[in-house]
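For reference, the structure discussed in these notes is given below.
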Amino acid sequence: MAQSEVTAQHAIAHHPALAHHFENMEQQREASTLGMWVFLITEIMFFGGLFLAYSIYRSWYPQVFAEASHHLDILLGGINTVVLITSSLTMALAVYHSQVGNRGKLVLFLILTMLLGLTFLGIKVIEYSHKFHDGLIPGIHFHYEGPHPQQAQIFFWLYFAMTGLHALHMIIGVSILAFLIYFAWRGRYSPEYHSPVEISGLYWHFVDIVWIFLFPLLYLVGFHVKG
Amino acid sequence: MSTAVIPVEAKPRTTYLNAGQTLKSWLLTLDHKRIGILYLISVTFFFLVGGIYATLIRLELLTPQGDLVSAQTYNKLFTQHGITMVFFFLIPSIPAVFGNFLLPIMIGAKDVAFPRLNLLSWYVFMTGALFASYAMFAGGVDTGWTFYPPYSTNYANTYVIATGLGIFIAGFSSILTGLNFIVTIHTMRAPGMTWFRLPLFVWAQYATSLIQILGTPVLAITLLLVALERTVGIGIFDPRLGGDPVLFQHLFWFYSHPAVYIMVLPSMGVVSEIIATFSRKPIFGYKFVAFSSLAIAIVGFLVWGHHLFTSSQSVYAGMLFSLLSYAVAIPSAIKVFNWTATLYRGSISYDAPMLYALGFIGLFLIGGLTGLFLAALGLDVHVHDTYFVVAHFHYIMVGGALLAYLGAMHYWWPKMTGRLYPEGWARFAALVVFVGFNLTFFPQFILGYLGMPRRYYTYAPEFQLLHVLSTAGASILAVGFILPAIYLLWSLKKGPIAPADPWLATGLEWRTSSPPPPENFERTPIVTWNAYEFRPQEEAEVIGGGKPDASSLTGE
């Protein structure tokens, strides 16, 4: 780039990761952290449309939603909740070790986080295939035994839309982790420069928190209603 | 303390324009100024496309019978006109073009916070535009730009999904721009550039960005739901399957009403800049104008229900939305009053940008006040879905947003290109636009009040006179758009070389050379003055890349 000529003149021992348009590492870190927070706000609004649809149809058809939720596997959903919360812990530990510059532990905890994320996705695949065998895929292939099958179909497609969108975010998160592991292994992150790990952590926790809302709304909504 | 920079004769000054001459250096640029230019070319192209649709609409409406196009084609024409103008011209126009070019310079930064995301946003925009264009060439879409179900989900056999996908994708470019600007304004301000020293254009961009990041994701998920409903029939908007089409209207307008403020807030920022410069006075009530932008952005999110007065919404919700819609008038009026107070006893010069800004104030006033008519529950039932609504929002979007876009184009043209445009022609064109615009859209208020519904290709013969007036106005308006296209392009080669500060204005963008160097300033500016603090010209220090010369423009 042509800009590099200009900066090169007064480049006094800049950190190699410092982009040309920032004054210092602190400014760069602030910008990337704020950028991630703003991005997460857009994510909240993105999921928000589905949460709104859920709220409306659940308040219209509370009984049907409660009954339909019995078709979800609380055990598998519960295991997945534990898996995700644990992955948030390992992610937080990874961020800590990137801050103190402990490369070995950083790589270890990133790998653990990724494995937990993959476990979550694996269990999700099992759940989805059960739904497929039970004929609970809305639209083309839907056979629901209980009352008001059309309203139950709304529940199931909300289930698939919300958990599907969440799973998509998990897949993106796991891919980000793969990159982080590679660069952490290469020793790119240091106490001076670790914002990629930090902001990926923010993203990971966000995806985790979405699940914390999805689990009770979808799986536990019928728990107190006899099915 | 002025440091005269003497250009070395043999070596041409490096500007963002001659820093690389290959196509690749433009298509892979990370320079916010070049990305602004890429957007300028793209959105101007889409303005032309949308304008062609508008021309065909106005031609069809010249006579009461449907003699030029069929009903189906007419439906496609107004749909494509709306989609192209809203999503591919108005929403990206001022933020992506002038925001990108100016915002970092105005706050004394070298670039936006995320230059790569900035370039990505342009590619995302073009990808969205590609899908929408594919749909357009394959046969178009006829649902109206609002995509209301059940028509869009169950009945329309046109290219709803491809168009929706195009808008969905282009939306992410809008989100990326908003995200970039918010972070840039927060973290990239030059030393001394405090929040209350920011030019009001920056405040307006900040408010706009808030809407972009909060509203656009909701539109994205809504369009996704329409696509799912259309393909697999999930039933969310289908009452036969237990769903509710009104839910779509709520979700759609939750974005699309604030989107009106995405279009008009940056324009208000432009007008604040121009009014201060050409009155040679600090803007009256700076903080009120700054905070009114935020107030419009926030209250603008609470008024979407005024689009649903006739859509089975509860009367109490309607009353609340009506009241809140009236509340938006307060910050809007603050702006108009403060601009007027700035003009009072200013030493006003009527250069072309100022003519556009003054036109904006008048037309925005009419557009805003007729908006209050529509926010009134009783009156809205009478004029709902008539030409009154069409006239109202064109006064905001064309009379407001587009006039400000043209004003900005003229005001910052010397900065962007390093050339001055011909002032006489520009003033003439501004007058043509103003006359043409009013002749096009004022008769539509009367048409609507008399009961002419929107989106019809035939009409009762007694409406013909007003429609003929409107079409005549549209042709004058077209001349007003073609004129700047000609003389601005002419000025690229033949226009006089622009000095750093042709308007004797105050912003940091006038403290760097025209066109600016790739890194905007030779050193980081230190700001010790407030926005719009007019000082004797000799005190204003140029911290750009030296004096203007012809070689700096071409790089030869």
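Looking at segment B:287-316, I want the residues that are under 16 Å from residue B:264 (Cβ atoms) and modelled with pLDDT of 95 or more and have a partner that is open to solvent by less than 40 Å² (accessible area, probe 1.4 Å) and among the charged types (D, E, K, R) with Cβ atoms under 7 Å, at least 6 apart or on another chain. Which pairs are those?
Matching pairs, first to second residue: B:289/B:335; B:292/B:335.
Just give me the residues in segment A:21-37 being more than 7 Å from chain B (Cβ to nearest Cβ) and either in contact with a Lys or Arg (Cβ under 6 Å, 6 or more places away or on another chain) or open to solvent by less than 70 Å² (accessible area, probe 1.4 Å) (or both), in sequence order.
A:22, A:25, A:28, A:32, A:33, A:36
I'd like to check which helices (runs of 4 or more DSSP H) are fully inside segment B:32-135 and have at least 2 residues that are touching a residue at least 60 places away in the same chain (Cβ under 8 Å) and among the charged types (D, E, K, R).
Working: elements: B:32-60, B:71-85, B:100-106.
Once the helices (runs of 4 or more DSSP H) in segment B:32-135 are filtered for at least 2 residues that are touching a residue at least 60 places away in the same chain (Cβ under 8 Å) and among the charged types (D, E, K, R), what remains is B:32-60.
If you check residue A:187 against the conditions, is it over 27 Å from residue A:125 (Cα atoms) and modelled with pLDDT under 95? Full working, then the answer.
On the way: over 27 Å from residue A:125 (Cα atoms): yes; modelled with pLDDT under 95: yes.
Considered against the rule, which asks whether it is over 27 Å from residue A:125 (Cα atoms) and modelled with pLDDT under 95, residue A:187 comes out as yes.
For segment B:226-238, state whether one or more residues are among the acidic types (Asp, Glu) and part of a helix (DSSP H, G or I). Quick ask: steps written out before the conclusion?
So the first thing to find is which residues in segment B:226-238 are among the acidic types (Asp, Glu), and the list is B:229, B:238.
From the residues that got through so far, the ones that are part of a helix (DSSP H, G or I) too are B:229.
Yes.
Could you list all residues from segment B:304-323 that are open to solvent by less than 50 Å² (accessible area, probe 1.4 Å) and assigned to a helix (DSSP H, G or I)?
B:305, B:306, B:307, B:317, B:318, B:321, B:322
Which of (1) assigned to a loop (DSSP other than H, G, I, E, B); (2) in contact with a Phe, Trp or Tyr (Cβ under 6 Å, 6 or more places away or on another chain) is the odd one out, the single condition residue A:23 does not satisfy?
The one condition residue A:23 does not meet is (2).
For residue B:261, all conditions in the list (1) open to solvent by 10 Å² or more (accessible area, probe 1.4 Å); (2) under 30 Å from residue B:510 (Cα atoms); (3) touching a Pro at 6+ places or on another chain (Cβ under 7 Å) hold save one; what is the number of the exception?
For residue B:261, the failing item is (3).
Report yes if some residue within segment A:118-135 is within 14 Å of another protein chain (Cβ to nearest Cβ), of a type outside the set (Asp, Glu), within 16 Å of residue A:70 (Cβ to Cβ) and not in a helix (DSSP H, G or I); otherwise report no.
So in segment A:118-135, the residues within 14 Å of another protein chain (Cβ to nearest Cβ) come out as none.
No.
Here's a check for you: in segment B:203-233, which residue that is of a type in the set (Gly, Ala, Ser) and facing another protein chain (nearest Cβ under 8 Å) is surrounded by the fewest Cβ atoms within 10 Å (Cβ to Cβ)? Full working, then the answer.
First, the residues of segment B:203-233 that are of a type in the set (Gly, Ala, Ser): B:204, B:207, B:209, B:215, B:220, B:227, B:233.
Imposing the further condition that a residue be facing another protein chain (nearest Cβ under 8 Å) reduces the set to B:215, B:220, B:233.
On the way: B:215: 28, B:220: 23, B:233: 18.
Filtering segment B:203-233 for residues that are of a type in the set (Gly, Ala, Ser) and facing another protein chain (nearest Cβ under 8 Å), the one surrounded by the fewest Cβ atoms within 10 Å (Cβ to Cβ) comes out as B:233.
Output the residues belonging to segment B:153-173 that are touching a Gly at 6+ places or on another chain (Cβ under 9 Å) and either aromatic (Phe, Trp, Tyr) or modelled with pLDDT of 95 or more (or both). First the steps, then the outcome.
Step one: list which residues in segment B:153-173 are touching a Gly at 6+ places or on another chain (Cβ under 9 Å), which gives B:153-154, B:158-159, B:163, B:165-173.
B:159, B:163, B:165, B:166, B:167, B:168, B:169, B:170, B:171, B:172, B:173, listed by residue number.
Could you check segment A:139-159 and list, in sequence order, the residues that are within 11 Å of chain B (Cβ to nearest Cβ) and farther than 17 Å from residue A:61 by Cα? Give the derivation first.
Of segment A:139-159, the ones within 11 Å of chain B (Cβ to nearest Cβ) are A:139-142, A:148-158.
Within segment A:139-159, A:139, A:140, A:141, A:142 qualify.
Criterion first (more than 16 Å from the chain's Cα centre (by Cα) and either within 14 Å of another protein chain (Cβ to nearest Cβ) or touching a residue at least 24 places away in the same chain (Cβ under 8 Å) (or both)) does residue B:190 satisfy it? Talk me through it step by step, then tell me what you get.
Values: more than 16 Å from the chain's Cα centre (by Cα): yes; either within 14 Å of another protein chain (Cβ to nearest Cβ) or touching a residue at least 24 places away in the same chain (Cβ under 8 Å) (or both): yes.
So residue B:190 passes the test.
Quick one: which residue in A:172, A:126 is open to solvent by 60 Å² or more (accessible area, probe 1.4 Å), of a type outside the set (D, E, K, R), at pLDDT 95 or above and under 25 Å from residue A:48 (Cβ atoms)?
Step by step, each of A:172, A:126 is checked, and only A:172 is open to solvent by 60 Å² or more (accessible area, probe 1.4 Å), of a type outside the set (D, E, K, R), at pLDDT 95 or above and under 25 Å from residue A:48 (Cβ atoms).
State all residues of segment B:109-148 that are within 14 Å of another protein chain (Cβ to nearest Cβ) and either hydroxyl-bearing (Ser, Thr, Tyr) or open to solvent by 10 Å² or more (accessible area, probe 1.4 Å) (or both); if no residue qualifies, say none. Give the derivation first.
Within segment B:109-148, the subset within 14 Å of another protein chain (Cβ to nearest Cβ) is B:109-121, B:124.
Those that are within 14 Å of another protein chain (Cβ to nearest Cβ) and either hydroxyl-bearing (Ser, Thr, Tyr) or open to solvent by 10 Å² or more (accessible area, probe 1.4 Å) (or both): B:110, B:114, B:115, B:116, B:117, B:119, B:120, B:121, B:124.
Out of curiosity, is residue B:172 touching a Leu at 6+ places or on another chain (Cβ under 6 Å) and closer than 16 Å to residue B:87 by Cβ? Steps first, answer last, please.
Numbers: touching a Leu at 6+ places or on another chain (Cβ under 6 Å): no; closer than 16 Å to residue B:87 by Cβ: yes.
So residue B:172 fails the test.
Can you go through A:31, A:11, A:92 and tell me which one is at pLDDT below 95 and either closer than 21 Å to residue B:184 by Cβ or among the hydrophobic types (A, V, I, L, M, F, W, C) (or both)?
Being at pLDDT below 95 and either closer than 21 Å to residue B:184 by Cβ or among the hydrophobic types (A, V, I, L, M, F, W, C) (or both) holds for just one of A:31, A:11, A:92, which is A:11.
Quick check, is residue B:483 touching a Phe, Trp or Tyr at 6+ places or on another chain (Cβ under 8 Å), of a type outside the set (Lys, Arg) and more than 20 Å from residue B:373 (Cβ to Cβ)?
yes
What single numbered condition from (1) more than 28 Å from residue A:66 (Cα to Cα); (2) touching a residue at least 60 places away in the same chain (Cβ under 8 Å) fails to hold for residue A:144?
So the condition that residue A:144 fails would be (1).
Conditions tested, residue by residue: (1) closer than 28 Å to residue B:243 by Cβ; (2) away from every other protein chain (no Cβ under 14 Å); (3) open to solvent by less than 10 Å² (accessible area, probe 1.4 Å).
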| site | (1), (2), (3) |
| --- | --- |
| B:160 | yes, yes, yes |
| B:173 | no, no, yes |
| B:180 | no, no, yes |
| B:201 | no, yes, yes |
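Only one of B:254, B:248, B:301 is buried (at least 22 other Cβ atoms within 10 Å of the Cβ), within 14 Å of chain A (Cβ to nearest Cβ) and either within 26 Å of residue B:401 (Cα to Cα) or out of contact with any Phe, Trp or Tyr (no Cβ under 9 Å at 6 or more places or on another chain) (or both); which? I'd like the intermediate steps shown before the answer.
Values: B:248 fails: either within 26 Å of residue B:401 (Cα to Cα) or out of contact with any Phe, Trp or Tyr (no Cβ under 9 Å at 6 or more places or on another chain) (or both); B:301 fails: buried (at least 22 other Cβ atoms within 10 Å of the Cβ).
Among B:254, B:248, B:301, only B:254 is buried (at least 22 other Cβ atoms within 10 Å of the Cβ), within 14 Å of chain A (Cβ to nearest Cβ) and either within 26 Å of residue B:401 (Cα to Cα) or out of contact with any Phe, Trp or Tyr (no Cβ under 9 Å at 6 or more places or on another chain) (or both).
Filter segment B:234-245 down to residues that are open to solvent by 30 Å² or more (accessible area, probe 1.4 Å) and of a type in the set (D, E, K, R) and give me whichever is nearest to residue A:53 (Cα to Cα). Quick ask: steps written out before the conclusion?
From segment B:234-245, those open to solvent by 30 Å² or more (accessible area, probe 1.4 Å) are B:239-241, B:244; that's our starting set.
Now restrict to residues that are of a type in the set (D, E, K, R): B:240, B:244.
Working: B:240: 17, B:244: 10 Å.
Out of the qualifying residues, it is B:244.
Of the numbered conditions (1) within 30 Å of residue A:136 (Cα to Cα); (2) modelled with pLDDT of 95 or more, residue A:105 satisfies every one except a single condition; which is it?
Residue A:105 satisfies every listed condition except (1).
Would you mention how many residues in segment A:38-68 are facing another protein chain (nearest Cβ under 9 Å) and either closer than 20 Å to residue B:218 by Cα or surrounded by fewer than 18 Cβ atoms within 10 Å (Cβ to Cβ) (or both)? I'd like the intermediate steps shown before the answer.
To start, the set of residues in segment A:38-68 that are facing another protein chain (nearest Cβ under 9 Å) comprises A:38-39, A:41-50, A:52-53, A:56-57, A:60-61, A:64.
Cutting the leftovers down to either closer than 20 Å to residue B:218 by Cα or surrounded by fewer than 18 Cβ atoms within 10 Å (Cβ to Cβ) (or both) gives us A:38-39, A:41-50, A:52-53, A:56-57, A:60.
Qualifying residue count for the region: 17.
Would you pick out the residues in segment B:463-486 that are open to solvent by less than 20 Å² (accessible area, probe 1.4 Å) and in contact with a Gly (Cβ under 6 Å, 6 or more places away or on another chain)? Spell out how you get there, then give the answer.
Kept after step one, since they are open to solvent by less than 20 Å² (accessible area, probe 1.4 Å), are these residues of segment B:463-486: B:467, B:470-471, B:473, B:477, B:480, B:484.
Correct list: B:473, B:477, B:480.
Contact list please: Cβ distance under 7 Å, first residue in segment B:422-439 and among the basic types (Lys, Arg), second residue open to solvent by 30 Å² or more (accessible area, probe 1.4 Å), pairs at least six apart or on different chains.
Correct list of pairs: B:427/B:355.
Restricting to segment A:84-115, name every residue that is under 15 Å from residue A:212 (Cβ atoms) and free of Cβ contacts under 8 Å to residues at least 60 places away in the same chain.
Of everything in segment A:84-115, those that are under 15 Å from residue A:212 (Cβ atoms) and free of Cβ contacts under 8 Å to residues at least 60 places away in the same chain turn out to be A:86, A:89.
The values are calculated or read from the model by the stated rules, or taken from the named source; none is laboratory data. Note that the structure is a prediction, hence the values are computed from the model and not measured. All Cβ positions, glycine included, derive from the backbone under ideal geometry; neighbour counts span all protein chains shown. Ligands, DNA and RNA are excluded from the accessible area calculation, which covers all protein heavy atoms including side chains. Shrake-Rupley method; radii C 1.70, N 1.55, O 1.52, S 1.80 Å.
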